[in-house]
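For reference, the structure discussed in these notes is given below.
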Amino acid sequence: MFISARSFEEYRAMFALSERDLSLRVLDCPGGAAGFVAVAGARGTDAVAVDPQYGPGRERLGAMALRENEHKHAHLVEHARDFVWTWFEDPGQYTRLRSGSAREFTRDIAARPERYVEGSLPHLPFPDRSFDLVLSSHLLFSYGERLDEGFHRDALLELVRVSRGQVRLYPLFLHTGFRRYPALEEMRGMLAEYGVPSRVEPVDYAFVPGDEEMLVLECAGRRALPERGPGAGPAGRNRDPVRWRHLDPPP
């Protein structure tokens, strides 16, 4: 897994984000070096990112993403036929957007460090129902050949736990082959047992063949979940590293 720096514009397309969505309390998990929280925050969105890389040395993540982006540019040019060039125009635009996003991330994590919380699935450091909308890209399903079904089950339940509205996940395909995560329907069935209906929706974004869909989980009516993570239960509120706006009562 590498440090990604996807742009705010990519997030809008990957997750079909509306202006209403951007008025909600949003969690990006995992955030990597994406520019989403930086740009969304500048627009007034109450957005927080969580990632295991946000501990000591996190100030270097943006530079790492820039180096990886430069390395990938040559690969994209050489293997352009393997990718879908409908959202990105060409490798040059891809590199410009990702590099700009890494720089936005670098500036924002220095200016607003409290918005970038160290943590990782399947145990997030937030109380139940902390966010209206949880976004998760390029981890679950993408790395299905490295992360087993037990991890996927626990991680999905944890994302549901911290959401009081929706969880949106993108993409649904394995990154090592152009095929859908084989246990997707099994995971959806497991979530349905906890009162979490799900649906697959098309999105106006793709970069590799097959990546034109996201999974939407509806969490508002969920039943009790297994006790999980350091943030679970009332005591978790005292451990929450982001204590103000996203925990206030809704208007």
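Among 34, 38, 47, which is the only one that is surrounded by 20 or more Cβ atoms within 10 Å (Cβ to Cβ), among the small types (Gly, Ala, Ser), out of contact with any strand residue (DSSP E or B) (no Cβ under 6 Å at 6 or more places or on another chain) and outside any helix (DSSP H, G or I)? Break it down stepwise before answering.
Numbers: 38 fails: outside any helix (DSSP H, G or I); 47 fails: out of contact with any strand residue (DSSP E or B) (no Cβ under 6 Å at 6 or more places or on another chain).
The match here is 34.
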A careful count of residues in the range 181-204 that are in contact (Cβ under 8 Å) with a residue 60 or more places away in the chain and in contact with an Asp or Glu (Cβ under 7 Å, 6 or more places away or on another chain) gives 2
Of those in the range 156-180 that are touching a residue at least 40 places away in the same chain (Cβ under 8 Å), open to solvent by 10 Å² or more (accessible area, probe 1.4 Å) and under 20 Å from residue 202 (Cα atoms), the residue farthest from the chain's Cα centre (by Cα) is 165
Exercise for review: Evaluate the following for residue 98: is it among the charged types (D, E, K, R), under 25 Å from residue 19 (Cβ atoms) and open to solvent by 10 Å² or more (accessible area, probe 1.4 Å)?
Suggested key: yes
Any residue that is crowded, with 16+ Cβ neighbours inside 10 Å and not in a helix (DSSP H, G or I) - is there at least one of those in the range 60-76? no
Condition set outside any loop (DSSP other than H, G, I, E, B) and of a type outside the set (A, V, I, L, M), scope the range 1-21, selection nearest to residue 73 (Cα to Cα): answer is 10
Subset of the range 85-127, residues in contact (Cβ under 8 Å) with a residue 40 or more places away in the chain, assigned to a helix (DSSP H, G or I) and of a type in the set (A, V, I, L, M), comes to 97, 102, 109, 110
Reported set for the range 184-202 where residues are open to solvent by less than 50 Å² (accessible area, probe 1.4 Å) and part of a loop (DSSP other than H, G, I, E, B) is 194, 195, 196
| query | Does residue 32 count as more than 19 Å from the chain's Cα centre (by Cα) and on the phi > 0 side of the Ramachandran plot? | reply | no
Exercise. Would you call residue 22 free of Cβ contacts under 8 Å to residues at least 40 places away in the same chain, of a type outside the set (Val, Ile, Thr), closer than 21 Å to residue 215 by Cβ and open to solvent by less than 50 Å² (accessible area, probe 1.4 Å)?
Worked result: yes
Looking across the range 111-138 at residues that are open to solvent by 50 Å² or more (accessible area, probe 1.4 Å) and among the charged types (D, E, K, R), the single one that is nearest to residue 165 (Cα to Cα) is 129
Legend entry - Condition met for residue 199 (more than 21 Å from residue 18 (Cα to Cα) and charged (D, E, K, R)): no
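The values are calculated or read from the model by the stated rules, or taken from the named source; none is laboratory data. Keep in mind that what you see is a predicted model, and the values were worked out from it rather than measured. In this analysis, Cβ positions are derived from the backbone assuming ideal geometry, glycine residues included, and neighbour counts consider all displayed protein chains. Ligands, DNA and RNA are excluded from the accessible area calculation, which covers all protein heavy atoms including side chains. Shrake-Rupley method; radii C 1.70, N 1.55, O 1.52, S 1.80 Å.
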